[in-house]
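Peer 1: Before anything else, here's the structure in question.
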Amino acid sequence: MKKAQATFIISDHCKLPLGNNTEENWKKMIAGESGIRHFNDSSILPEAFQAARWDNYPEYETRAESTALEKLIIESIEEATASLDIDLSDPSVIFVGATTKGNIDLLEHCPESLKGRERPGKMAEFIAEYFKNPNKPWLISNACISGVLALQTAHQLLQNKQYEHAVVFGGDLVSHFTLSGFYALKAISDEACRPFDKNRKGISLGEGAATIVLSRKIESDILMAASATSNDANHISGPSRTGDGLSIAIKKTLQKTGSEEKVDFISSHGTATLYNDEMEALALQSCQLNEVPMHSIKGYAGHTLGAAGLVESCILLESMRQNKAPGTKGFENSGVSVPINISSKAFEGKINTALKTASGFGGCNAAALFIKS
């Protein structure tokens, strides 16, 4: 790989109902703990549902004029950047956000002080302004690949030498809009989701916030080597039946490194829906990666939508540092048509090169490759 093409991962943080930072979440996942629980909340959905959701959102003394989602994201950014020697108000820093719905609840009731922030772009501007950053932030809202696509966007901005550092943040909450939408599609499981298992019943939604900081000036032990995206244009809410779209994104990502990188571990999208799991298995087989150890962490964190790519990348980065990755909670017997290397048990072994994949509504797919330097 050409090191000059890479950017450095200099910090990461994810906050979930399961744990307050990347390491705590990783440890609980390794121990088999899940944040998915049973809820009876008619303000969200008339029926009972399973989700990884806070009972009450964390309280903060400051940020009174912020929504719950904004407060979570701001805390994640503060935690991720606390130990870095970077001035977030410097023009050399760019903020890149990811969300699917942002502050969508403001569409039903919006106090005057929050007016405009129902639009995700305005939410991103508020967050960048909170940190006194002078640049107009990027906001990526492209279904469930938003997090990985935000990483790719930041990676490209740094490669083009437009900035020296990028703060990539993301977040989504479980709302009436998102939960009722997936419920209408009959995609919600009545138990904690079981990715790739033959008895899976669908997805469990989750909520959380995450931040990954990239730099082309400050070196670290893990690089973001490459990333690519594709669209299979199959259906508005269904993935390609052949896996061709995700396969293209993976192959382009590996080709960008300029050499045949051996992938040691894969963090899959793994939603626990019939079509997604099958599509991913076929895509990995097409790339001759179906024998590589892989997992899905949605049995612990639920599907955090626009934040998923960042949350799952944080856990993958910690797995690389520890050479140990959580297993796939809920998986017992394969429910896809081709062999894949997946287990409910934690993986232990050298993880020097790791692949993150994501797929979403509208036929979008993305992949990112991380390598130890």
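Peer 1: For E75, are the conditions met, namely being surrounded by 15 or more Cβ atoms within 10 Å (Cβ to Cβ) and under 29 Å from F370 (Cβ atoms)? Write out each step before concluding.
Peer 2: On the way: surrounded by 15 or more Cβ atoms within 10 Å (Cβ to Cβ): yes; under 29 Å from F370 (Cβ atoms): yes.
Considered against the rule, which asks whether it is surrounded by 15 or more Cβ atoms within 10 Å (Cβ to Cβ) and under 29 Å from F370 (Cβ atoms), E75 comes out as yes.
Peer 1: Which of the residues belonging to segment 36-51 are open to solvent by 90 Å² or more (accessible area, probe 1.4 Å), among the polar types (S, T, N, Q) and more than 14 Å from E191 (Cα to Cα)?
Peer 2: Taking segment 36-51 and keeping what is open to solvent by 90 Å² or more (accessible area, probe 1.4 Å), we get 37-38, 40, 42, 46.
Still in the running and among the polar types (S, T, N, Q): 40, 42.
Passing the criteria: only S42.
Peer 1: Collect the residues in segment 157-202 that are part of a helix (DSSP H, G or I) and within 22 Å of I44 (Cβ to Cβ), keeping them in residue-number order.
Peer 2: Start the filter on segment 157-202 by keeping residues that are part of a helix (DSSP H, G or I), which leaves 157-159, 176-184.
Listed by number, the residues that qualify are H176, F177, T178, L179, S180, G181, F182, Y183, A184.
Peer 1: Another one. Please work out which one of (1) aliphatic (A, V, I, L, M); (2) within 23 Å of D12 (Cβ to Cβ); (3) in a loop (DSSP other than H, G, I, E, B) is the condition A226 fails and give its number.
Peer 2: Unmet condition: (3).
Peer 1: While we're looking at this one, here's another question. In segment 241-255, which residues are open to solvent by 60 Å² or more (accessible area, probe 1.4 Å), touching a Ser or Thr at 6+ places or on another chain (Cβ under 8 Å) and within 24 Å of Q159 (Cα to Cα)?
Peer 2: The answer is I248, K252.
Peer 1: Given (1) open to solvent by less than 10 Å² (accessible area, probe 1.4 Å); (2) modelled with pLDDT under 95, where does Y275 come up short, assuming only one miss?
Peer 2: (1)
Peer 1: In addition: Would you pick out the residues in segment 303-343 that are part of a loop (DSSP other than H, G, I, E, B) and either touching a Cys at 6+ places or on another chain (Cβ under 7 Å) or among the polar types (S, T, N, Q) (or both)? Quick ask: steps written out before the conclusion?
Peer 2: To start, the set of residues in segment 303-343 that are part of a loop (DSSP other than H, G, I, E, B) comprises 304, 323, 326-333, 335-340, 343.
T304, N323, T328, G330, N333, S337, S343 - these are the residues of segment 303-343 that are part of a loop (DSSP other than H, G, I, E, B) and either touching a Cys at 6+ places or on another chain (Cβ under 7 Å) or among the polar types (S, T, N, Q) (or both).
Peer 1: All but one of (1) surrounded by fewer than 24 Cβ atoms within 10 Å (Cβ to Cβ); (2) under 27 Å from S343 (Cα atoms) hold for L179; state the number of the condition that does not hold.
Peer 2: Failing condition for L179: (2).
Peer 1: Taking segment 320-347 as the region of interest, how many residues are in contact with a Ser or Thr (Cβ under 8 Å, 6 or more places away or on another chain) and either closer than 16 Å to K28 by Cβ or polar (S, T, N, Q) (or both)?
Peer 2: 8
The values are calculated or read from the model by the stated rules, or taken from the named source; none is laboratory data. These numbers come from a predicted model, not from an experiment. Here Cβ is always computed from backbone atoms with ideal geometry, including for glycine, and neighbour counts include all displayed protein chains. Heads up: the accessible areas ignore ligands, DNA and RNA and are worked out on the full protein's heavy atoms, side chains in. Shrake-Rupley method; radii C 1.70, N 1.55, O 1.52, S 1.80 Å.
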